[in-house]
1. Restricting attention to the stretch B:45-120, which GluC sites (Glu not before Pro) occupy a DSSP loop and are surrounded by at most 10 other Cβ atoms within 10 Å?
2. Compute, for the protein assembly as shown, the length of the dipole vector about the Cα centre, with Cβ point charges of +1 (Lys, Arg) and -1 (Asp, Glu) only. Units Debye, rounded to 20.
3. Shielding of A:93-99 by partners, i.e. mean partner chain Cβ atoms within 10 Å per residue?
4. Enumerate the calculated ³J(HN,Hα) couplings along the stretch B:31-46 in order (Karplus 6.51 cos²θ - 1.76 cosθ + 1.60, θ = phi - 60°), each rounded to whole Hz, writing x wherever the residue is Gly or Pro.
5. Angle between the Cα long axis of helix B:131-140 and the longest principal axis of chain B, 0 to 90 degrees, nearest 10?
6. In nm to one decimal, list the spacings between the A:Thr204 label point and its equivalents in the other copies, with label points set 7 Å along Cα to Cβ, shortest first.
7. Loop only per DSSP, at most 12 neighbouring Cβ atoms within 10 Å: give me the GluC sites (Glu not before Pro) in the stretch B:201-244, ordered by residue number.
8. With +1 on each Lys and Arg Cβ and -1 on each Asp and Glu Cβ, and nothing else charged, work out how big the dipole of the stretch A:1-107 is about its Cα centre, in Debye to the nearest 20.
Protein chains: 2
Amino acid sequence: MTKSRQAFQTIAFDADDTLWRNEEIFMNAQDEFIRLLSPYHSEAYIREHLGEVQVRNLGHFGYGIKGFTLSMIETAIELTEGRILGHEIQQIIDLAKCMVAMPVEVLPNIEAVLKTLQSKCRLMVITKGDLLDQESKFARSGIADYFDIIEVVSEKLPATYEQILAKHNIPKDEFLMIGNSLKSDVLPVLDIGAAAIHIPYHSTWVHEQVDDSILASYENLVQLTDVSLVLEHLHRDKIQQELA
Amino acid sequence: MTKSRQAFQTIAFDADDTLWRNEEIFMNAQDEFIRLLSPYHSEAYIREHLGEVQVRNLGHFGYGIKGFTLSMIETAIELTEGRILGHEIQQIIDLAKCMVAMPVEVLPNIEAVLKTLQSKCRLMVITKGDLLDQESKFARSGIADYFDIIEVVSEKLPATYEQILAKHNIPKDEFLMIGNSLKSDVLPVLDIGAAAIHIPYHSTWVHEQVDDSILASYENLVQLTDVSLVLEHLHRDKIQQELA
C-alpha cells in the first residue's frame, strides 16, 4: 500500500517570472545594449557573445543585474577591441540603474491565488539574484504580506532546497515549489523527493533551459499553463491522496 | 530590583573585518584603481571622488564587490571625461574578479574563541554584502562548521535585527552581537535593546564611521581591543548578573 502524502503545509514560489515580470527587463536592456554596439557588429553576433560572457562570469559575479551589467561592459570592450567610448560605458551603467528602479509588475492571477492559499498553508518565496534587488522588489511588489518567509539564494541546487527545508523544519512530503524555471525551481526539488509545479513563462533565459532527454526521465513532472490552475490541481491531488 | 538578564543563548558575529580580513581587499583594489587613473588626477582627488560615487550608488547597487566595481568604472569615466580606454576599464573588471577570488584570511584568535563558545551557545553570522560573495567566503573560511545560522542582509538597521531575532525565536535579552562596525553591528543592536560588543578593526570605511556625539549617548557600549577578550568579558558579565 502506498503511504498517503500529507497535504502541503508550505508552498514556495519562485519570484522572477513566477510572481512578477523580470525577463523582459533583461531583454529590453539587452536590446538597448545591442543598439549601442550596432555600429560595430551584427545583432546576432553581439547577442551570442554577450550570452557567452554572461555564462563565463556566473562563477565570478552570480545572477542578477550587477553581474549582468559587468558582463555587458566586458562584452562591449571585447567586441570593440577596446574602442568603446567612456560615455557609451556610462550608458550601460545607466541601463543598470534603470533596471534596478523598474516598477514591479505582479503577474495576472497571482494575488487571487495567494489570497486563497494564505489561509490553507504557509507561503514562502525562494528566489536567486542580487540580495538588495530581490528584497527591494519584494518590498515594492504589494504582495509581500502574503508571505511568511523570503529566502534569497545564490544558486538553486538540490542541496539549496535541502538546507531551506531543514532550516524551517519542513518535511519533504509537505513541501511544494512553484516556478517558471525547470532547471532551478522544478527539477532540483523533484530530485530531493519533494513536489514541484512548473508554470512556464513565455520567455526563459537560454541558460535556464533544460534538454528534453533530461525531462523525459521525470515521471512526476506537473506543468500548468497558468497559476490560476494551481488551486484546482491541489484539489485533485488531495482527492487522489485520499483515494490512495 | 533589576531583573537579571538571561545568559546569552545566541551570539552573532559580523563577518567582514570581524571574522576575516576584508577592508584590505577593498583598500588594495582602490590603490590599483588610483594608480590606473594617476595620469589624469591627483591621488587625493581620485580617492575623494570615488568615495562620493560609492555612497551615491549605495541605493542602486548596495554593498559588496560588484557595486564597488560599478562605482570604480563610473568614477573612471567621470574623472577622465570619458577619455578612459576600453582596456583600462577591463583592468577594473579584472580587479573585481581578483577581489572575488581572494583567499579568506581568518583573523587571529577567532577560531579559539569560536571553539570555546560553540559548546555554550548557538553561533550565528550576520553579514551584509553580495550574497554569492559572502556565501563563498563563508564556505572557504574553514570556520563555517562553528556556526548554526548565516544571515546575509542588504542593510543592518534596527529592523533588520528585529526581524532576524523574530525569525529564529531569539529573545532580545539572550542575544549578543559582536562586530567591528559601530554603525552596522553595534548601535542598531543596542537600539533594539539587545547587547553588542564592539571590536574595532584597524581600518574602517569612512561610510561606516560614527560621530562621537552620537556615541556619547550610548551608556551600555562595550568595546574590546581583541576578540580573545570576549570570553573574559562574558564571564565578568555573568558574575555581575548573578550579583544583581
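1. B:Glu81
2. That gives a dipole near 1220 debye.
3. 3
4. Values per residue, Gly and Pro as x: 4, 4, 4, 5, 4, 4, 8, 4, x, 9, 8, 6, 4, 4, 5, 5 Hz.
5. Value to nearest ten degrees: 70.
6. With the label placed 7 Å along Cα→Cβ, A:Thr204 yields 4.8 nm.
7. Here the sparse-neighbourhood loop sites are B:Glu219.
8. Computed charge dipole of the stretch A:1-107: roughly 480 debye.
Read-outs throughout are calculated quantities, based only on the coordinates presented, and are distinct from any laboratory measurement. For clarity, every value in this text was computed on a predicted model and none was experimentally measured. Positions of Cβ are backbone-derived with ideal geometry, glycine not excepted, and every protein chain shown enters the neighbour counts.
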